[in-house]
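The values are calculated or read from the model by the stated rules, or taken from the named source; none is laboratory data. Given the structure is predicted, the values throughout are model-derived calculations rather than measurements. Here Cβ is always computed from backbone atoms with ideal geometry, including for glycine, and neighbour counts include all displayed protein chains. Areas reflect the complete protein model, heavy atoms only, side chains present, ligands, DNA and RNA absent. Shrake-Rupley method; radii C 1.70, N 1.55, O 1.52, S 1.80 Å.
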Amino acid sequence: MTRQHKTIKEKQYFSILQWLTEEGIVSEKGEPFDWRNRPFLLDILTDFHPLQVVMACAQVGKSVTFSLKTLFAVKHLRFNVIYTMPTDSDVNEFVASKFNKILQSNPSEFRGMATDNIDRKELNDRFVFFKGTVSATAPISTSADVLVHDEVSRSNQPAIEVYKSRTKASPYKGRWLFSNPGPERDELDLAWQKSDQRLWTITCEHCKAEQDLVWPDSVNIEGKFYKCRTCEGKLSDDTRRRGVYQAQNPGSRIHGYRISHLMCPDIAIEEIIEDSEGDPGYFNNFVLGMPYTPGDLQITKAALLDIWTPRFSDVDQGPRFLGVDVGNIKHYVVRTHGGIIKIGRFTKWEELDNIIRTWKPQAGVIDAMPDNTAAKHYVDTYPFMEMSFFKENADNPQTIIWRGEGDRDGIVYSHRDRAIDRMLTDMLEAKWLIAAPADKNFGDYIKHFETLRREKVTNNKGIERYIWASTTGVDHYVFASLYADIAMTGGGDGMFFGTGGGGEPTHAIDADNVYDPSELFRSSNSEGYSDGRYGG
Ligand SMILES: [Zn+2]
């Protein structure tokens, strides 16, 4: 497209706020921008320092903020921009649902910037290239004035590194990083550590003490309100709105900002307190905007002996749950809400029917790997049985365990490592006991848990994560325990043993034309679980 015959001289702005106001730029929803509940975004919006990093919780508007900065930079600063996201499909979704919508909502300001081309936007001979860091095609090779790296912590770290060379020819040499954090010491965290580390600092309306908002010191958990860290007085929403950024590491050449849900007056404190009780990785990364590396959680023999009890009948109360780990030798665990009452192993499948007859579990979970024929058989035969797949819930990273629906009824999905974290934490906190006999099986049980180690791995998208691995690969009781634990999370929909009949759910998974388990296996592989030694 050519702009050479342009006759109307467009106004050149030097201030993004003046531009937004005078041109009446509206959001992707066609609404004026409102920073009343996001006042901390204004400093970030108006910061055009070349090196900046924003470490932020989820859902606070950082992508839209950086979209506006990008558009302003292209149009009024006449920058060329490379904008990356973790994957090409992230790019497709973001450009279609956010970036293009902003263009379409402001047609006169962005006329000439076509929305049909996802990867490349051009305006007055300046461009924005969008690109996934995990991509079938090579990184953008052209040079740019600014690199915008969205969701850095979920991006391929080596690819982010490659882009550094692309700004060599530019006098500006911009690098804007922003993301929900991931583990400590990734690209985002390192940039934050080197930055001037600006924290949103508020002034207590009672004692005038200046402070940033931190979990849990700034929260009165019982009273469910924000409190001053000095005088413990209740802080109003307006006090939290009237913050200013203060650098903790002044003088750095990188501008760093941190955003947490504690800074958002429209997020209910009850919600934050509830999130704090869930998965610590989620709470730190997505609520507090903090990196999180799981600690050296490990289950020792001593820890298991601590929760062992000879008082079987105290633990064998209420409904029972069964977990079955599948291999040449199968391992099973029977438990109640109070803890484990039976552990054992078997080789022939008929023995599992005996175990079910003996223990009458309310619910049971069986490993769908490595061969799901047997698992499928048990799910079809016993309406209270489910088969387990490990997977990540991309739509809702907070969810650790969830159930398949429709033709995937009878399947329970779980986030493998977070589910293990949760179980081990419960064991270390003695939330349940082990009342199984102290026999050779229990000796094996201890050995299997002792082989567990946290390991940092890089999956095939180049993204780092922590997983639980066994030093020997012999961890069957760990997974049998995990499946029994997962079985307890079922909906309590009254599918007790022996009540099968009219109300039984139909399991369409045996209709091989509608369900291909290998597809699921592939999708869990793609999330980094391909190596057999990480399996159950
Ligand atoms: Zn105070």
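When segment 235-264 is examined, which residues are found to be away from the ligand (no atom under 16 Å from the Cβ), in contact (Cβ under 8 Å) with a residue 60 or more places away in the chain and in a loop (DSSP other than H, G, I, E, B)? Residues satisfying the conditions are 253, 254, 260, 264. Name the residues in segment 356-382 that are open to solvent by 20 Å² or more (accessible area, probe 1.4 Å) and either touching a residue at least 40 places away in the same chain (Cβ under 8 Å) or under 22 Å from residue 340 (Cβ atoms) (or both), would you? Result: 357, 358, 359, 360, 362, 369, 370, 371, 372, 376, 380, 382. So is residue 189 within 13 Å of the ligand (Cβ to nearest atom) and at pLDDT below 95 or not? The answer is no for residue 189.
Within the bounds of segment 155-165, is there any residue that is more than 26 Å from the chain's Cα centre (by Cα), over 29 Å from residue 289 (Cα atoms) and open to solvent by 10 Å² or more (accessible area, probe 1.4 Å)? Within segment 155-165, not a single residue is more than 26 Å from the chain's Cα centre (by Cα), over 29 Å from residue 289 (Cα atoms) and open to solvent by 10 Å² or more (accessible area, probe 1.4 Å). Scanning segment 198-215 for residues that are open to solvent by less than 60 Å² (accessible area, probe 1.4 Å) and either among the acidic types (Asp, Glu) or assigned to a loop (DSSP other than H, G, I, E, B) (or both) returns 204, 207, 209, 212, 213, 214.
Take residues that are touching a strand residue (DSSP E or B) at 6+ places or on another chain (Cβ under 6 Å) and tell me which of the helices (runs of 4 or more DSSP H) falling wholly in segment 358-469 contain 3 or more. So the answer is 372-381, 416-428. Could you list, in sequence order, all residues of segment 131-153 that are touching a strand residue (DSSP E or B) at 6+ places or on another chain (Cβ under 8 Å), touching a residue at least 40 places away in the same chain (Cβ under 8 Å) and assigned to a loop (DSSP other than H, G, I, E, B)? Those that are touching a strand residue (DSSP E or B) at 6+ places or on another chain (Cβ under 8 Å), touching a residue at least 40 places away in the same chain (Cβ under 8 Å) and assigned to a loop (DSSP other than H, G, I, E, B): 135, 140, 142, 144, 145, 151. Of the residues making up segment 296-319, one or more are more than 25 Å from residue 448 (Cα to Cα) and in contact with a Phe, Trp or Tyr (Cβ under 8 Å, 6 or more places away or on another chain). Among the residues of segment 154-182, those identified as among the basic types (Lys, Arg) and assigned to a helix (DSSP H, G or I) are 154, 164, 166. Of all residues in segment 128-137, those that are over 24 Å from the mean Cα position of the chain (by Cα) and either open to solvent by less than 10 Å² (accessible area, probe 1.4 Å) or at pLDDT 95 or above (or both) total 2. Note on segment 261-314: among residues that are of a type in the set (Gly, Ala, Ser) and surrounded by 19 or more Cβ atoms within 10 Å (Cβ to Cβ), the one that is modelled with the lowest pLDDT is 281. Scanning segment 216-232 for residues that are part of a loop (DSSP other than H, G, I, E, B) and either of a type outside the set (S, T, N, Q) or within 8 Å of the ligand (Cβ to nearest atom) (or both) yields 216, 217, 221, 222, 223, 224, 228, 229, 230, 231, 232. Just checking, does segment 278-293 include any residue being touching a residue at least 40 places away in the same chain (Cβ under 8 Å) and within 16 Å of the ligand (Cβ to nearest atom)? No: zero hits. Restrict the check to segment 200-208 and report whether at least one residue is among the acidic types (Asp, Glu), within 16 Å of the ligand (Cβ to nearest atom), under 21 Å from residue 57 (Cα atoms) and modelled with pLDDT of 95 or more. No, segment 200-208 contains no residue that is among the acidic types (Asp, Glu), within 16 Å of the ligand (Cβ to nearest atom), under 21 Å from residue 57 (Cα atoms) and modelled with pLDDT of 95 or more.
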